[in-house]
Amino acid sequence: MNIFPAIDIIDGKCVRLTKGIADDKTIYQYSPLDMAKTYQDAGFNTIHVVDLDATLGKGNNNQVLSQIRRKIDINIEVAGGIRSKGAIIDKINEGFNTIVIGTFAIKNIDDVLNFDDSLIEKLSIALDIKDNQIASHGWQETTNQSLKHIIDKYNNRPIHSYFVTDVANDGMLSGLNMETFNSIKKLTDKPITIGGGVKDLNDIELSRSNGFNNVVVGKAIYENKISINSLAQFNA
């Protein structure tokens with residue numbers, strides 16, 4: 001199992017949202033680049049970076065992302081507002097290792113399914129679960145498509161992974177909703193990254209015992225609920 005420490009960015013600053021609500025955010029003093037360096041120095045092999053301005057359609061943090069990519073040597077999984085084939089290719093060309101797409105993957109599923117293998121192998125399909133439905137457009141909209149329908153489609157293609165977030169628990173430090181995550185695990189043999197609500201090391205142990213590949217941790221780090229060094233030891 002691997003831990004992916006998260007860096008969420010608004011206006012060039014590290015933030016954490018509560019339940020995906022942009023107006024309910026905490027801004028932290030550390031710069032995104034400083035946090036990325038801290039995670040790299042601690043021995044993590046992948047960081048998860050989200051451009052929340054792009055996610056919410058309020059501009060972007062492309063310069064910050066590019067700076068992180070240039071100065072950080074470990075793998076970077078990038079997410080946020082990547083809603084076209086061109087945008088995906090741009091991120092790959094910039095050197096990002098895994099591209100997380102949610103809205104585009106759900107709204108343009110046939111287009112994504114027709115990508116060449118070399119492109120689709122870089123994609124992590126985001127499944128943001130909100131009120132038992134898949135949310136998109138910065139968690140502001142939900143789709144009537146069933147989870148099983150979408151997963152069945154992508155199971156037939158060589159995607160990198162699924163990225164599953166429990167929006168209701170995200171940023172709440174309330175613990176992982178294993179019932180939701182395990183229901184998705186039953187639908188696929190693909191690697192799964194889970195996140196939303198990690199509160200302590202017990203959640204990490206629970207994730208490992210349930211066989212999940214990767215766990216994203218954000219607020220628990222910033223709020224000093226879990227030490228960076230204790231998390232790093234879980235990396236496979």
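The values are calculated or read from the model by the stated rules, or taken from the named source; none is laboratory data. Note that the coordinates shown come from a computational prediction; the quantities given were computed from them, not determined experimentally. Heads up, the Cβs are rebuilt from the backbone with ideal geometry, glycines too, and the neighbour counts pull from every protein chain shown.
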Item to check | Cβ-Cβ under 7 Å pairs, at least 6 apart or on other chains, the stretch 167-184 side on the phi > 0 side of the Ramachandran plot and part of a loop (DSSP other than H, G, I, E, B), far side modelled with pLDDT of 70 or more and buried (at least 20 other Cβ atoms within 10 Å of the Cβ) | outcome: G171/R16; G171/L17; G171/K219; L173/G197; L173/K219; L173/A220; G175/G197; G175/D203
Checklist outcome for this item: Note: among N202, N213, just one is modelled with pLDDT under 95, farther than 23 Å from D34 by Cα, in contact with a Pro (Cβ under 9 Å, 6 or more places away or on another chain) and surrounded by fewer than 22 Cβ atoms within 10 Å (Cβ to Cβ), namely N213
Item to check | Evaluation of I76 against (1) part of a helix (DSSP H, G or I); (2) free of Cβ contacts under 8 Å to residues at least 60 places away in the same chain (one fails), failing number | outcome: (1)
Checklist entry - Among the residues of the stretch 103-111, is there at least one that is without any contact (Cβ under 8 Å) to a residue 40 or more places away in the chain and part of a loop (DSSP other than H, G, I, E, B)? => result yes
Checklist entry - Taking I134 and the conditions (1) at pLDDT below 80; (2) part of a helix (DSSP H, G or I), which numbered condition does it fall short on, given that it satisfies the others? => result (2)
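Yes or no, residue by residue, for (1) closer than 30 Å to L206 by Cβ; (2) among the hydrophobic types (A, V, I, L, M, F, W, C):
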| site | (1), (2) |
| --- | --- |
| R16 | yes, no |
| V49 | yes, yes |
| K58 | no, no |
| K71 | no, no |
Checklist entry - Taking the stretch 87-101 as the region of interest, how many residues are within 12 Å of S124 (Cα to Cα) and either in contact (Cβ under 8 Å) with a residue 60 or more places away in the chain or among the acidic types (D, E) (or both)? => result 2
Checklist entry - Restricting the stretch 79-102 to residues that are in contact with a strand residue (DSSP E or B) (Cβ under 6 Å, 6 or more places away or on another chain) and assigned to a helix (DSSP H, G or I), which is surrounded by the fewest Cβ atoms within 10 Å (Cβ to Cβ)? => result I88
Checklist entry - Could you give every pair whose Cβ atoms fall below 8 Å, whose first residue belongs to the stretch 213-225 and is without any contact (Cβ under 8 Å) to a residue 60 or more places away in the chain, and whose second residue is in a helix (DSSP H, G or I), counting only separations of at least 6 or pairs across chains? => result K225/K219
